[in-house]
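Novice: For reference, the structure I am asking about is given below.
Read-outs: derived from the displayed coordinates by stated rules, not from any lab. Since we're looking at a predicted model, the values are computed, not measured. Here the Cβ positions follow ideal geometry from the backbone for every residue, glycine too, while neighbour counts run over all protein chains shown.
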Amino acid sequence: MEVTKKPKIKSIPYEEFKDNETLEQLVKQLNEGGTNVVVGVLDDLIDWGRSNSLWPLTFATSCCGIEFMAVCAARYDIARFGFEITRNSPRQADVILVSGTITHKMAPVLRRLYEQMADPKYVIAVGGCAVSGGPFRKSYHVVQGVDEILPVDVYIPGCPPRPEAFLYGMMQLQRKVKVEKFFGGVNKTKKEGKEEQA
Amino acid sequence: MNQETLHIASAELLAKMKQLKEVEKMDYLRSLTGMDWGTPEENDTQETMRGLGVVYHLESTSTGKRICVKTSTLDREHPHLPSVCHLWKGAELPEREVYDFFGIIFTGHPDMRRLFLREDWVGFPFRKDNNPEAENPLRMTNEETIDTTYIYKEEANGTLSRTERKLFEDDEYVINIGPQHPATHGVLRFRASLVGEEINKIDVHCGYIHRGIEKMNESLTYPQTLALTDRLDYLSAMQSRHALCMCIEQAMGVEVSDRVKVIRTIMDELQRIDSHILFFACLCQDMGATTAFLYGFRDREKILDILEETCGGRLIINYNTIGGVQADLHPNFVKRVKELIPYLRKNIQEYHDIFTGNIIAQQRLKGTGVLSREDAIAFGATGGTGRASGWACDVRKRLPYAAYDRVDFKEIVYTEGDCFARYMVRLDEIEQSLRIIEQLIDNIPEGSIQEKMKPIIRLPEGSWYTAVESSRGEFGVYLESRGDKSPYRLHYRSTGLPLVAVVDSLTRGAKIADLIAIGGTLDYIVPDIDR
Amino acid sequence: MFDFSIVTNWIHEWLLSLMPEGWAIFVECVAVGIGIILLYALLAIILIFMERKVCAAFQCRLGPTRVGPWGTIQVICDVLKMLTKEIFTPKGVDKKLYNLAPYMILLASFLTFACLPVSKGLEVLDFNVGIFFLLAASSIGVVGILLAGWSSNNKFSIIGAMRSGAQIISYELSAGMAILTMVVLAGTMQISEMVSGQASGWLIFTGHIPALIAFVIYLIAGNAECNRGPFDLPEAESELTAGYHTEYSGMGFGFFYLAEYLNLFIVAAIAATVFLGGWMPLHIPGLDGFNTVMDYIPGFVWYFGKAFFVVFLMMWMRWSFPRLRIDQILALEWKYLVPISMVNLLLMAVIVTLGWHF
């Protein structure tokens, strides 16, 4: 049975998002065994809840962190999406926005932070440094992209990304959360493989 | 920069330095740079510096005299030099940095540990013959925290002996603040020993955002090095880049046009206002006044709009170039800036209403974290922090550059040295920056925005030190060239490192909450400390 | 004024006709329990949404807008998410206490919540020392916080818990004293009588100066008791990451989160009961027409209206002030609020004895 799930984001049509292919592939992968109707509806409900309540961990290492603050501030106001409750304790956060360069000294700390988070947890690589090492790719002390140490869900390029890009990245993550399954636990094992370009 | 350079042999260093400090009153250590001049070659003269060494830049706050001191040791196996941190407290962290990067052991230094890199790092990355990548793969093991440090001493026969020193006793209640902590403004880590709520001692750990910018510079061409300056202290992106551009221009003997000078001055001041507003916002956030934080960001966006229109970037601006600026001013620039000035004046008043006048804010800021003038100078804590302690250290007044010599502005100096003074200095400086912009905005001279440059820029042999007043202190660039298209050594005087060095002495006996206020008002930016 | 005891009595009679008395009372208890839990959850959701919108308004922002009309069902998403989030017990915690702590806090706020006289005839717990019980029940909460901090095996948590222990126990004193002042004026400790005694005028008006002082003291102390800014030291975000609940995830944290907002409501509701007349409409002596019109507005509307007004005042306080330091908090309590409220109590006693109140 072909399952087609098209996550809806308010005010932006599905077609206008980039990289829908990855998302469709993910849906196909997750629903290979077909879906139970009751469980499917429950899944949708839970996904709806989760996708609209992604609390970020206050984590920033450098410049992108300032832009993240700007996203939380009045003009861009991430609170519109309900993401303004930034948690300082990794236990209570849902998504870690890796904003800034990750160095060799920081990498184990970041990994530990990620492990301290409770499931479901998501990772967004924000900015050139987190995506690939960015301008510091040649440096001896910089991790060449945070995907070396964490399973990344969404990449937001830019140096630093504009606040609009942050919001777009968050919406991409919302779309991804919306197609996930709660019952069956497939998400966890497939996590390494699913990546998406924002 | 015309300044005297002294070459001192390592054996005489201590005595000569003491004389400089006490007789010539060179009480301010501007910059301490580690160097690797390589092994001696045949065509070396007496004057050529060889081996591993250190370059000191000194200044007298009373006479204004400046001097540059160079010293070196030829021993690459066990290089050691005498420590000067008993003369200038501010030398403590830079000497640890030099040890970290070059492996030079400073005898007599109370705390000879690595500063930035992990304890289990192999080798010394800044040595020219070291290949850091080869021996240091990404280690995902948690770094162990070691509570002991060593003090080295030179024995009579020239060998080194070391004594162990404990940082924290076993029964001390030590908490980790950072590297992931909302109030450390990035990834700085404090280990604080507490007695109840009171802080007994703080040990600062840096390096969580050490990107090796200075090392990278050695393999980049000059225009490429510019890009990395913006990412040092991202709230002084303009000024940092300005400093490097000035340094390279000075080395090349290029004089930029008047128009460029004025544009750079205006941009620097816009950036300064931006940074100070962010300082206000973050301080308020740290102290729990979230609303004021958003007020700050609301106004900051107005400045970013102006910067974006002309330069294209919001935070990382990449505007200054060698010999000019990237793009001409946007036609709207003058109009928008003129609108901004009264708008900000009105809103700064609002800041005073919501935060400065608040009894809780005053109670928490006044009298906490007092930094004396002597300490500020000894540590080299420049910028708003130094001026709050009564030290008139503004580079714009001391060594006017760009268009600062033709504008009239007041150097804000407070004498209390507490958190409130540091806070007020920055808010008052916004007004002074507005005044500078006001004087310049109507008389931007005509002229070219970019001097003609060769496609490949090579600097003559030599060394230069240039400083600008960045948003949080003296930002210095030490450039040494061997005539190549990339620098032999490019060192930045971090504005934040001295500020972090004073944290321990300011927080002794203070509460945990005071640490947040002190950290907030010192206003350091961690990527600038770690570079 | 509609008396809800007619409805409750009718239900009681109806149940008695179906089953023996013991069973009827049992069924009523269960029904009331469920009712309270539902109201509790509903209020928590409303309060969290209100907080987010109010703070957004203060901060020139919009607040939640995307989920549901004007973002109204945003909080339901959060609850759904927290319900399905992993709950884990970190290594090294005292498991029993760690799991018990959130329930202790909930227990305290439930017990206190049950005392609130929502409308005429709708008091759940109402007996002659009601106020006394209320004060006692609300102080169980601090045990939960201390347990959470202690059992978490985390240094930040323990500092947060210690701060909160010192703070809440201290401020209970002046909050209690402020309420005691009003008890002296009302002449009763039974909550329903206290409210009905305010038919001729709310206590804050009849008690004039000392009542006003007590009101202000109560607001400050109440804010401190529910750990909200400027007294949010136990969870001071910029100092202790998340304070005593640093190690809690999922619904464990959710309980703390809910309880925080419900405590806010409870403090406001007590203020509304004791100072602002509970469900009693605004009566101005002499204006009978006006009073009758006011009486047409149902009691629970008055009650929630007043409580939410006080909640708004407290949110205003939270979003305007920076945080205090621990020594300043204790100095404020022991050096200023306690002496003032003692003198105030004395003043009230004198005024009541001499009959100088309205």
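Novice: Strictly over 30 Å apart at the Cα level, which of B:LYS18/B:LYS153; B:LYS89/B:LYS166; A:LYS28/C:LYS53; A:LYS10/A:LYS121; A:LYS181/C:LYS155 would you flag in this model?
Specialist: Values: B:LYS18/B:LYS153 18 Å; B:LYS89/B:LYS166 20 Å; A:LYS28/C:LYS53 39 Å; A:LYS10/A:LYS121 23 Å; A:LYS181/C:LYS155 37 Å.
Cα-Cα > 30 Å for A:LYS28/C:LYS53; A:LYS181/C:LYS155; rest within.
Novice: How would region B:117-173 be classified by its alpha-carbon gyration tensor: rounded, prolate or oblate, with rounded meaning a/c under 1.5 and the a/b versus b/c comparison settling the rest? All intermediate terms of the calculation are to be shown ahead of the outcome.
Specialist: Values: a/c = 4.24, a/b = 1.13, b/c = 3.75.
Cα axes put region B:117-173 in the oblate bin.
Novice: What length, rounded to one decimal in nm, is gained on full extension from C:PHE309 through to C:LYS91, with 0.36 nm per residue of separation minus their alpha-carbon distance? Provide the component values of the computation, followed by the final result.
Specialist: Numbers: separation 218, 0.36 × 218 = 78.48 nm, distance 4.37 nm.
That pair, C:PHE309 and C:LYS91, stretches by 74.1 nm at full extension.
Novice: Follow-up question, since we're still on this one. Specify whether the C-alpha gyration tensor of chain B places it in the rounded, prolate or oblate class, a ≥ b ≥ c being the square roots of the eigenvalues: rounded for a/c under 1.5, otherwise prolate if a/b is larger than b/c and oblate if not. List each step's numbers first, then the result.
Specialist: Values: a/c = 1.72, a/b = 1.16, b/c = 1.49.
Oblate is the answer for chain B, as a/c is 1.5 or above yet b/c matches or exceeds a/b.
Novice: Taking 2.2 N^0.38 Å as the expected size of a compact globular protein, what ratio does the Cα radius of gyration of region B:383-531 give against it, to two decimals?
Specialist: On the way: Rg = 18.7 Å, N = 149, 2.2 N^0.38 = 14.7 Å.
The reported ratio for this selection is 1.27.
Novice: Relative contact order for chain B: what is it in percent, counting Cα pairs under 8 Å that are at least 6 residues apart? Please report the intermediate quantities before stating the final value.
Specialist: Details: 1047 pairs, mean separation 87.4, N = 531.
Worked out over chain B, it gives 16 percent.
Novice: Here is a further query. If r is the Cβ-Cβ distance from A:ARG137 to B:GLU255 and R0 is 35 Å, what FRET efficiency results, to the nearest 0.05?
Specialist: Values: r = 36 Å, r/R0 = 1.02.
Result of the calculation: an efficiency of 0.50.
Novice: Over the C-alpha atoms of the protein assembly as shown, what are the Rg and the largest Cα-to-Cα span, Dmax, in Å?
Specialist: According to the Cα coordinates of the protein assembly as shown, Rg and Dmax are 32.2, 115 Å.
Novice: What ³J(HN,Hα) values, in whole Hz, does the Karplus curve 6.51 cos²θ - 1.76 cosθ + 1.60 give for region C:194-202 when θ = phi - 60°, with x put for Gly and Pro?
Specialist: Per residue, the Karplus-derived 3J(HN,Hα) values read 4, 5, 5, x, 9, 4, 8, x, 5 Hz.
Novice: Using Cβ contacts closer than 10 Å as the measure, can you line up C:TYR103, C:TYR261, C:TYR296 from fewest to most?
Specialist: On the way: C:TYR103 15, C:TYR261 23, C:TYR296 9.
Exposure proxy ranking, most exposed first: C:TYR296, C:TYR103, C:TYR261.
Novice: Taking only C-alpha pairs under 8 Å that are 6+ residues apart, what is the relative contact order of region C:29-131 in percent? Show your work: numbers first, answer last.
Specialist: Numbers: 46 pairs, mean separation 19.8, N = 103.
Relative contact order of region C:29-131: 19 percent.
Novice: Next up: Taking chain C as a Gaussian network, Cα atoms linked when under 10 Å apart, which of C:CYS60, C:CYS77, C:CYS29 shows the biggest mean-square fluctuation?
Specialist: C:CYS60
Novice: Please tell me the relative contact order of chain A in percent, rounded to the nearest whole number, where contacts are Cα pairs under 8 Å and at least six residues apart. Show your work: numbers first, answer last.
Specialist: On the way: 337 pairs, mean separation 49.6, N = 198.
That works out to 25 percent.
Novice: How about region B:368-445: which trypsin sites (Lys or Arg not before Pro) there are in a DSSP loop, with at most 12 other Cβ atoms within 10 Å of their Cβ? Don't jump to the answer; show the numbers that get you there.
Specialist: On the way: sites: B:ARG373, B:ARG387, B:ARG396, B:LYS397, B:ARG398, B:ARG406, B:LYS410, B:ARG422, B:ARG426, B:ARG435; in loops: B:LYS410.
Of the trypsin sites (Lys or Arg not before Pro), the ones in loops of region B:368-445 whose Cβ has at most 12 other Cβ atoms within 10 Å are B:LYS410.
Novice: Step through the residues of region B:462-475 one at a time and calculate ³J(HN,Hα) from phi using the Karplus curve (6.51 cos²θ - 1.76 cosθ + 1.60, θ = phi - 60°), rounding each to whole Hz and writing x for Gly and Pro.
Specialist: Couplings: x, 9, 9, 10, 10, 10, 10, 8, 7, 5, 10, x, 6, 9 Hz.
Novice: So, in Å, what gap is there between the alpha-carbon centers of region B:225-261 and region C:285-312?
Specialist: Cα centres, region B:225-261 to region C:285-312: 67 Å.
Novice: Which pairs break 21 Å Cα to Cα here: A:LYS105/C:LYS95; A:LYS8/C:LYS81; B:LYS302/B:LYS397; A:LYS18/C:LYS81; B:LYS21/B:LYS70?
Specialist: Details: A:LYS105/C:LYS95 33 Å; A:LYS8/C:LYS81 18 Å; B:LYS302/B:LYS397 28 Å; A:LYS18/C:LYS81 27 Å; B:LYS21/B:LYS70 15 Å.
Cα-Cα > 21 Å for A:LYS105/C:LYS95; B:LYS302/B:LYS397; A:LYS18/C:LYS81; rest within.
Novice: For region B:331-469, what number results from the quotient of the Cα radius of gyration and 2.2 N^0.38 Å?
Specialist: Working: Rg = 19.2 Å, N = 139, 2.2 N^0.38 = 14.3 Å.
Rg over 2.2 N^0.38 Å, computed on Cα atoms: 1.34.
Novice: In region A:24-70, what GluC sites (Glu not before Pro) fall in a loop by DSSP, with at most 12 other Cβ atoms inside 10 Å?
Specialist: Details: sites: A:GLU24, A:GLU32, A:GLU67; in loops: A:GLU32.
Those satisfying the criteria are A:GLU32.
Novice: May I pose another question? Using bins 10 angstrom wide from zero, how does P(r) for region C:86-354 break down, in % of all Cα pairs?
Specialist: 7, 29, 33, 20, 8, 2, 0
Novice: Helix-only mean residue ellipticity at 222 nm, chain C, DSSP H runs n ≥ 4 weighted -39,500 (n - 2.57), per residue, nearest 500. What is it?
Specialist: Numbers: 16 runs with 245 residues, N = 358.
Helix contribution divided over all residues of chain C: -22500 deg cm²/dmol.
Novice: Suppose every Lys and Arg Cβ carries +1 and every Asp and Glu Cβ carries -1, with no other charges. What dipole size does region B:201-320 come out with about its Cα centre, to the nearest 20 debye?
Specialist: 160 debye
Novice: Can you give the convex hull volume of the alpha carbon atoms of region B:222-301 per residue, in Å³? Please report the intermediate quantities before stating the final value.
Specialist: Working: hull volume 7.0 nm³, N = 80.
Spelled out: Cα convex hull of region B:222-301, divided by residues, is 87 Å³.
Novice: When B:TYR351, A:TYR155 are ordered from fewest to most other Cβ atoms inside 10 Å of their Cβ, what list results?
Specialist: On the way: B:TYR351 21, A:TYR155 25.
The fewest-first ordering by Cβ neighbours comes to B:TYR351, A:TYR155.
Novice: Let me ask something else about it. Mind listing the Cα extents of region B:1-134 along all three principal axes, in Å, largest one first?
Specialist: Result for region B:1-134: principal-axis Cα extents of 49, 38, 27 Å.
Novice: Determine by what factor the alpha-carbon radius of gyration of region C:184-292 differs from 2.2 N^0.38 Å, reporting the quotient.
Specialist: Relative to the 2.2 N^0.38 Å estimate, region C:184-292 comes out at 1.40.
Novice: Compute the length gained on full extension between B:GLU431 and B:ARG482: take 0.36 nm times their separation in residues and subtract their Cα-Cα distance, giving the result in nm to one decimal.
Specialist: Working it through step by step, the gained length comes to 14.0 nm.
Novice: Strictly greater than 28 Å: what percent of every Cα pair in chain A meets that?
Specialist: For chain A, the share of Cα pairs beyond 28 Å comes to 24 percent.
Novice: For chain B, what is the mean residue ellipticity at 222 nm derived from helices alone (per DSSP H run of n ≥ 4: -39500 (n - 2.57); sum divided by total residues; nearest 500 deg cm²/dmol)? Kindly include the intermediate steps, with their values, before the conclusion.
Specialist: Values: 17 runs with 199 residues, N = 531.
When only DSSP H runs of four or more count, the value is -11500 deg cm²/dmol.
Novice: What are the ³J(HN,Hα) couplings of region B:149-159, residue after residue, when phi is run through the Karplus curve with 6.51, -1.76, 1.60 and θ = phi - 60°? Round to Hz, x for glycine and proline.
Specialist: Each residue of region B:149-159 in turn: 9, 10, 10, 9, 9, 8, 7, 4, 8, x, 7 Hz.
Novice: On to the next question. With everything on Cα atoms, drop me the angle between helix A:20-30 and the longest principal axis of chain A, reported from 0 to 90° to the nearest 10.
Specialist: Between helix and principal axis, roughly 60 degrees.
Novice: Where in region B:349-385 does the amide nitrogen come within less than 13 Å of the point 7 Å from the Cα of C:TYR336, taken along Cα to Cβ?
Specialist: Once the point is set 7 Å along Cα→Cβ of C:TYR336, B:358-364 turn out to lie under 13 Å by backbone N, inside region B:349-385.
Novice: Would you please give the residues with an amide H less than 5 Å from that of B:LEU6, counting only those at least 5 places away or on a separate chain, with H modeled from the backbone geometry?
Specialist: Those qualifying (amide H under 5 Å, at least 5 residues apart or on another chain) are B:CYS68, B:VAL69, B:LYS70.
Novice: Counting only Cα atoms, I'd like the Rg/Rh figure for region C:60-115, Kirkwood definition for Rh.
Specialist: Values: Rg = 16.8 Å, Rh = 14.6 Å.
Across region C:60-115, the Cα-based Rg/Rh ratio is 1.15.
Novice: Still on this structure, please answer the following. Farthest toward the dipole's positive end in the protein assembly as shown, which of C:MET50, B:GLY462, B:ILE277, given Cβ charges of +1 (Lys, Arg) and -1 (Asp, Glu) about the Cα centre?
Specialist: Checked the options; the winner is B:GLY462.
Novice: Hey, another quick one. What ranking of C:ARG325, A:ARG111 emerges when the number of other C-beta atoms within 10 Å of each C-beta is taken as an exposure proxy, fewest first?
Specialist: Values: C:ARG325 25, A:ARG111 16.
Starting with the residue having the fewest Cβ neighbours, the order is A:ARG111, C:ARG325.
Novice: If I model a spin label as a point 7 Å beyond the Cα along the Cα-Cβ vector, how far apart are those points for A:LYS8 and B:LYS153 in nm?
Specialist: Reported label-point gap for A:LYS8 and B:LYS153 is 7.9 nm.
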